[in-house]
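The structure appears below as structure tokens.
The values are calculated or read from the model by the stated rules, or taken from the named source; none is laboratory data. For clarity, every value in this text was computed on a predicted model and none was experimentally measured. Note that each Cβ is placed from the backbone with ideal geometry, even for glycine, and that neighbours are counted across all protein chains shown. Calculation scope for accessible area: heavy atoms of the full protein, side chains included, ligands and nucleic acids excluded. Shrake-Rupley method; radii C 1.70, N 1.55, O 1.52, S 1.80 Å.
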Amino acid sequence: MKILAIRFSAMGDVVLTMPVSKSVLQSNPELQLDILTRKSFQVFFKHIERLNIREENIDLEFKSLTGLVHLFNQLRKEKYDLVIDLHGSLRSKILCYLFYLSGVAFATIDKGRADKKNYWEIYDPIPNP
């Protein structure tokens, strides 16, 4: 199985994906895992065996919708079986949707934003107008 994981930013969150990526690859020797992240964060993953780091310059070349479609066209040549969105940003969601339209399954992270918002609406001592 060939998987693409997407995590563009928030350095701490990117760093937290390192042990998970390493563990998944150690537990699944048949798996191929690629990670799409910013160039500045690629150094965090270089020590993980069998993890392929995508070298695209996300911040400069692929920040518009046209750029994302161009990036998608490059990525789909790799014939991924699954795309995992570890970011939940608009750019990563667009990429996942494009993969979905081309017949590739995707999974996305649930950051619990609705639950957090509901928490503050329910327990906020100052009522919202």
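What the chain shows is 63 Å² of accessible area per residue, with the surface traced by a 1.4 Å probe over protein heavy atoms.
P(r) tail, segment 20-82: Cα-Cα pairs separated by more than 14 Å, 61% of all pairs. Remark on L82: its backbone amide H falls under 5 Å from those of K2, L4, a criterion applied only to residues 5 or more positions apart or on other chains, H modelled at 1.01 Å from N. Cross-link partners for K22 among the aspartates and glutamates, with Cα-Cα distance under 14 Å and sequence neighbours closer than 8 places in the same chain left out: E30, D34, E49.
Helical content of the chain, expressed as a calculated mean residue ellipticity at 222 nm, amounts to -13000 deg cm²/dmol (DSSP H runs of 4 or more residues, -39,500 (n - 2.57) each, divided by residue number, nearest 500).
All C-alpha to C-alpha distances of the chain, sorted into 10 Å bins beginning at zero, yield P(r) values of 11, 40, 30, 12, 6, 1 percent in whole numbers. Relative to the longest principal axis of the Cα atoms of the chain, helix 65-75 runs at roughly 40 degrees. Here the calculated FRET efficiency for R50 and L90, from their Cβ-Cβ distance with R0 = 22 Å, stands at 0.15, rounded to the nearest 0.05. The residue list S23, N73, F45 was ranked by how far each Cα lies along the charge dipole of the chain toward its positive end, using unit charges on Cβ atoms, and N73 comes out on top.
Axis of helix 113-123 versus longest Cα principal axis of the chain: the two differ by about 20°, to the nearest ten degrees.
Between E78 and K39, the contour length at 0.36 nm per residue exceeds the Cα-Cα span by 12.1 nm.
Once the Cα atoms are used to define both axes, helix 11-27 deviates from the longest principal axis of the chain by about 50 degrees.
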